[in-house]
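Reviewing the structure listed below.
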Amino acid sequence: MRQVAEAVELRHPLEAYTRKGMIPHIWCAGCGNGIILNAFLKALDELKFDMNKLAVISGIGCMGRIAGYINADAFHTTHGRAIALAFGLKVVRPELKVVVISGDGDLFAIGGNHFIHAARRNVDMLVICANNFNYGMTGGQVGPTTPLGARTTTTPYENIEHPFNLVQLAAAAGAIYVARWTVIHPRRLKESIKKALMKRGFCFIEVISACTEGYGRRNKLRTALEFMRWLKEVSVMAKGVGPEEAYIGRDRIVVGEFVDIEGKPEYTDLLWRLINDIRARAKRGELRVAL
Amino acid sequence: MIGMAKPPDRLDVLTGTWFTMGDIACAEGAIAAGCRFFAGYPITPASEIMEHMARRLPQVGGVYVQMEDELASMAAVIGASWAGVKAMTATSGPGFSLMQENIGLAVMTETPCVLVNVMRGGPSTGQPTKMGQQDVMQAKWGSHGDYELIAIAPSSVQEMFDFTIEAFNYAERYRCPVIVLADETVGHMREKLVIPEPEEVEKRLVSRKRPRVPPGEAFAPFMPDPEDLVPPMPHFGEGYHFYATGLTHDEWGKVRTDSAEAHFKLVSRLCDKIRKNKDKIIKYEGLWLDDADVVIIAYGIVSRSARAAVRLARKEGIRAGLLRLITIWPFPDEVVAEVGERAKKVIVAEVNYGQIVREVERRVDWRKVVFFPKLGEEFHTVEELLNAIRAARGEAGGRGS
């Protein structure tokens with residue numbers, strides 16, 4: 001009997017990082033999002049990250065629910081606006097680490113404008129995108145990352161749209177750190193998140209996530225095992241190459257770090273330097289303070 | 001003011017008498033109210049507010065950001081408000097349309113924030129440089145779902161200053177978005193503005209309720225106080241580890257998309273915290289309402305020509321009166337009903353094709369209601385309104401001199 005009691009009391013080692021009363025999550029069996037959540041929480045744990053200095057912001061969709069699962073200040077915003085809301089928070093409280101975690105549709109279709117402008121400004125923010133190649137929560141519709149030729153509920157014959165290459169998009173928009181992993185790379189993903197959390201500037205990590213119920217069932221990746229085997233088969237590790245090498249397609253997915261820049265001026269540093277300078281000059285009477 | 005010998009004592013409240021523009025008075029009112037965050041996107045006729053904020057906010061240690069669009073502006077305002085500062089945006093019709101979804105998020109997450117809509121002519125791009133009062137219904141109903149918010153309509157440069165302060169007070173007290181429904185005329189005209197002493201302004205200011213338990217202890221971020229139905233608000237980075245969501249949630253912030261009871265409880269409270277405090281919120285001005293046969297109902301800049309018209313009508317011996325709506329939402333049902341009961345004719349004058357007149361018709365016998373719309377360029381002149389009063393008096397068969 002005593003053994004049974006002990007077994008019941010077993011706790012998940014990352015339980016302290018999850019929000020009470022919100023687990024179990026809503027994600028399907030076989031979904032890759034849990035692996036991403038796990039990698040994120042492990043990264044926080046290994047860094048002994050101060051959870052009072054973290055804010056997690058998410059948008060709408062399957063991955064949008066992640067903000068609710070993490071035991072930190074968290075905001076679940078409208079569809080596409082996670083980065084914009086996170087930006088408002090970050091500029092007021094630059095000492096906080098702001099992490100946006102959301103899906104490819106949320107971040108790059110409806111919210112694409114906010115992504116490129118946040119990257120352009122180089123605001124200190126980590127954006128993690130769970131890319132599952134489709135709109136999972138609404139039933140598997142085509143999205144901005146769906147591969148050419150793939151089938152979805154709204155491309156029942158084949159997808160004729162060219163997808164975004166998120167790594168190249170982020171790099172072109174000005175991100176100082178850009179990496180791509182898949183959910184068969186949980187340890188590399190965790191290390192990548194740790195690295196990005198410690199950088200100051202706009203960082204982007206794309207994680208190819210398994211979606212068996214949405215994308216997979218219509219593209220011969222019906223089970224989690226099939227999906228993971230496919231990711232393993234097509235993943236090619238790249239070292240020391242630039243974003244131009246970050247190919248992604250149904251035949252091959254190049255993973256690795258593609259951008260890692262130091263020294264680019266960060267937005268809130270510039271902003272608060274300006275504010276403090278203007279404020280001091282106004283106090284000294286060097287500026288016209290009038291209507 | 002060039003080559004000032006010494007800086008003003010206070011950089012945030014610029015006490016004195018000024019001759020300035022309504023949009024600038026609005027920005028100064030915000031700064032005096034303690035607003036330390038502005039996010040916006042250029043749009044006529046509201047751009048002067050953001051230009052003034054861009055210059056003035058850094059002087060007082062505040063953050064000004066120009067966003068990529070109005071969707072982002074409203075989202076950033078919500079983020080800044082939860083980061084612990086009073087936050088605002090300013091826009092006009094097309095931008096106001098883009099903000100509607102996140103106005104709903106601000107309602108659902110009970111985010112104190114102020115939106116200034118310097119109304120122009122619509123629909124669509126309409127008449128960007130001309131005045132309008134065409135977004136009055138949108139201010140109340142623009143986002144989806146049931147909700148209540150507060151809207152206040154200034155009619156002068158002085159009121160652009162005073163009502164913006166009042167808007168922040170409403171937002172902080174009731175934790176909801178508050179709309180300053182200005183218009184192009186009020187925004188762009190120049191008149192005298194008197195900014196009082198800082199102590200006078202500070203006496204008027206209200207701040208949001210804050211958690212009464214320290215971080216780490218059990219704290220339900222959406223648990224309302226029973227007396228006003230408004231919950232205390234935590235901020236990012238304080239250690240409360242709150243979760244705010246646009247999904248239906250309970251007092252703890254826990255998602256409750258499966259419960260009719262939870263949805264009813266939340267939505268009804270979000271409405272009732274405004275409805276049940278209506279008497280404290282609603283402001284209006286009445287002129288000769290006690291014995292008026294003909295009453296003009298007007299708001300914003302139109303109320304000024306209406307006031308003059310009513311005065312002139314009185315000189316002609318017509319028992320005219322004015323009901324000027326200051327807060328438009330929540331709508332002053334009882335006041336309008338009372339006025340409509342007593343008067344023989346009620347003229348509703350507004351620069352749109354029929355918005356507040358519908359609200360009036362809900363409360364006043366429709367046969368008494370005379371609708372006087374204007375569209376484009378100009379609002380009602382004194383003469384036009386005087387003629388409307390004369391005609392209404394004639395129809396009503398009221399006594400003259």
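Read-outs: derived from the displayed coordinates by stated rules, not from any lab. What you see is a predicted model; the values in this text were computed from it and never measured. Cβ atoms come from the backbone with ideal geometry, glycine included; neighbour counts cover every protein chain shown.
For this structure, a couple of remarks:
- Of the trypsin sites (Lys or Arg not before Pro) in segment A:31-60, the ones in a loop by DSSP (not H, G, I, E or B) with at most 13 other beta carbons within 10 Å are A:Lys48.
- GluC sites (Glu not before Pro) restricted to DSSP loop in segment B:286-351 with at most 15 other C-beta within 10 Å: B:Glu316
- Most mobile listed residue (B:Ala337, B:Ala349, B:Ala76) in chain B, GNM with C-alpha springs under 10 Å: B:Ala337
- Stretchable slack from B:Ala337 to B:Val267, in nm (0.36 nm times residue separation minus alpha-carbon distance): 22.5 nm
- Spatial separation of Cα centroids for segment B:61-116 and segment B:225-241, in angstrom: 19
- Stokes-Einstein D (µm²/s) once Rh is taken as the Kirkwood radius of segment B:36-153 over alpha-carbon pairs, at 25 °C in 0.890 mPa s: 172
- Extended-chain gain in nm, criterion 0.36 nm per residue less alpha-carbon gap, A:His25 and A:Arg229: 71.0 nm
- In order through segment B:103-108: 3J(HN,Hα) via Karplus (6.51 cos²θ - 1.76 cosθ + 1.60), integer Hz, x for Gly, Pro: 4, x, 5, 5, 5, 5
- Between helix B:157-174 and chain B: long-axis angle, C-alpha atoms, 0 to 90°, nearest 10: 50
- Of the cross-linked pairs B:Lys86/B:Lys283; A:Lys199/A:Lys239; A:Lys42/A:Lys190; A:Lys90/B:Lys209; A:Lys97/A:Lys194, those separated by over 18 Å at the C-alpha level are B:Lys86/B:Lys283; A:Lys199/A:Lys239; A:Lys90/B:Lys209.
- Inter-label distance, B:Glu316 to A:Lys264: 6.9 nm, where each label sits 7 Å from its Cα along the C-beta direction.
- FRET E, pair A:Glu286, B:Glu197, Förster distance 30 Å, beta-carbon r, rounded to 0.05: 0.75
- Rounded if a/c under 1.5, otherwise prolate or oblate - segment B:286-396, Cα gyration tensor axes: rounded
- Positive-end residue of B:Ile49, B:Val136, B:Met108, charge dipole of segment B:16-204 with Cβ unit charges: B:Ile49
- When the square roots of the Cα gyration tensor eigenvalues are ordered a ≥ b ≥ c, the ratio a/c for the protein assembly as shown is 1.5 or more and a/b exceeds b/c, which makes its shape prolate.
- Counted by Cβ distance under 9 Å from B:Pro234, the other residues give a net charge of -1, where Lys and Arg count +1 and Asp and Glu count -1.
- Of all aspartates and glutamates in the structure, those lying under 12 Å Cα to Cα from A:Lys232, and not within fewer than 8 positions of it along the same chain, are A:Asp251.
- With neighbours defined as other Cβ atoms within 10 Å of a residue's Cβ, the residues B:Arg393, B:Arg256 order from fewest to most as B:Arg256, B:Arg393.
- Relative to the longest principal axis of the Cα atoms of chain A, helix A:33-47 runs at roughly 50 degrees.
- Residues of segment B:55-75 falling in the label zone of B:Asp9, defined by backbone nitrogen less than 13 Å from a point 7 Å along Cα to beta-carbon, are absent.
- Within straight-line cross-link reach of A:Lys53, aspartates and glutamates at Cα separation under 19 Å, skipping those fewer than 8 residues along the same chain: A:Glu15, A:Asp45, A:Asp73, A:Glu95, A:Asp124, A:Glu266, A:Asp269, B:Glu217, B:Glu238
- For A:Met198 and B:Tyr353, a Förster radius of 56 Å and the Cβ-Cβ distance give a FRET efficiency of 0.45, rounded to the nearest 0.05.
- Using a Gaussian network model of chain B in which every pair of alpha carbons under 10 angstrom is joined by a spring, one finds that among B:Asn352, B:Asn102, B:Asn387 the greatest mean-square fluctuation is at B:Asn387.
- Modelled label positions at A:Asn276 and B:Leu205, each set 7 Å beyond Cα in the direction of Cβ, lie 2.3 nm from each other.
- Considering only A:Leu14, A:Pro24, A:Phe87, and ranking their Cα positions along the charge dipole of segment A:1-96 that arises from unit charges at the beta-carbon of Lys, Arg, Asp and Glu, the one farthest toward the positive end is A:Phe87.
- Whole-angstrom gap from segment A:70-136 to segment A:224-291, using each part's C-alpha centre: 12
- Packing, taken as the mean count of other beta carbons within 10 Å per residue, orders the peptides B:324-330, B:195-201, A:132-138, A:183-189 from highest to lowest as A:132-138, B:324-330, A:183-189, B:195-201.
- All lysines inside 19 Å of B:Lys130 as judged from Cα atoms, apart from same-chain residues fewer than 8 positions distant: B:Lys374
- Inter-chain neighbour count for A:275-284: the average number of beta-carbon atoms from partner chains within 10 Å of each residue's beta-carbon is 5.
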